[in-house]
Amino acid sequence: MISVSIIEDNATYKNALITYLQKEQGIAVVFAGSSLADLPALVKVAPDVVIMDINLGQDSGIDGVRFLKKALPFLHIFMLTVFEDEEKIFDSLKAGAIGYLLKKDSPKKILEAIHSVYRGEGVMNGQVARKILTYFQQPVKSAPRLEDYHLTRREQEILLLLMDGLSYKEIAAKCFISIDTINSHIRKIYTKLNVRSRAEIAARFRS
């Protein structure tokens, strides 16, 4: 029996998914929540597989993945979301998710994903997999130096933390500054580097 937990803030979608999964032999939905506040309770249940949405109101499911992987390192997590942009895909995988599906995927594909990640296998929506493949097939250029972009010392510090995969909240805590100040620095960094996302930063400095 594979024990499954779901973190999803869309009640209609969550209930439909639970109803579908509860009809399947070998699957037991043991916990369902809607926000990061529910994660401590999920940890106590210690399921085999977690299905995690990204947009959880004011919260990010990617932060939820980081929390769960620290608490339960061997937990199998895959994202189930509407977002297809490279930044969220790569941030999710860096945080510890081993799969990334889209809500337009069929219930059968979600069921197959549960069995796959339970076996430790990665799962991907086809479009997501193509985005990842395209990214890694791009020719690698010599990584530019930070000094080439006239970043301040603080901006360089924040940029390096972004590249390490830290969330805005984690960066703010590490630098002892507010989220608003972090957002201001990041807007300036994006402008100076002429990028629009963390994924573009990773591509720019990939070596």
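Derivation of every value follows stated rules applied to the coordinates shown; laboratory data play no part. Keep in mind it's a predicted model, so treat the numbers as computed, not measured. Here the Cβ positions follow ideal geometry from the backbone for every residue, glycine too, while neighbour counts run over all protein chains shown.
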message = A 29 angstrom limit on the alpha carbon distance is what I want to check against. Which of LYS88/LYS188; LYS103/LYS174; LYS23/LYS103; LYS23/LYS88; LYS104/LYS174 exceed it?
response = LYS103/LYS174; LYS23/LYS88; LYS104/LYS174
Top of SER178, SER116, SER167 by mean-square fluctuation, Gaussian network on the chain, Cα under 10 Å = SER178
query = ILE6's amide H: which non-local residues (gap 5+, or another chain) put their own amide H closer than 5 Å, with H modeled 1.01 Å from N in plane and none for Pro or chain starts?
reply = PHE31, ALA32, GLY33, ILE51
query = Which net charge results for the neighbourhood of LYS14, defined as the other residues with beta-carbon distances under 9 angstrom from its beta-carbon, given Lys and Arg at +1 and Asp and Glu at -1?
reply = -3
ask   = LYS94: net charge of surrounding residues, Cβ under 10 Å, Lys/Arg +1, Asp/Glu -1, itself excluded?
value = 0
ask   = Under the definition of Cα pairs under 8 Å and six or more residues apart, what whole-number percent is the relative contact order of segment 2-136?
value = 21 percent
note = Mean-square fluctuation maximum in Gaussian network of the chain, Cα pairs under 10 Å, restricted to ILE177, ILE27, ILE51, hits ILE177
query = Taking only C-alpha pairs under 8 Å that are 6+ residues apart, what is the relative contact order of segment 150-197 in percent?
reply = 41 percent
query = Exactly which chymotrypsin sites (Phe, Trp or Tyr not before Pro) in segment 11-80 are in a DSSP loop and have at most 12 other Cβ atoms within 10 Å?
reply = PHE74
inquiry  = Using each residue's phi in segment 50-58, evaluate 6.51 cos²θ - 1.76 cosθ + 1.60 at θ = phi - 60° and report the 3J(HN,Hα) Karplus result to the nearest Hz, with x for Gly and Pro.
reply    = 10, 9, 10, 7, 8, 8, 10, x, 7
key: Net length gained if the chain between SER197 and VAL82 were fully extended (0.36 nm per residue, minus Cα distance)   = 39.6 nm
remark   = Answer in debye to the nearest 20: the dipole magnitude of the chain about its Cα centre, from +1 Lys/Arg and -1 Asp/Glu charges placed on Cβ, is 420 debye
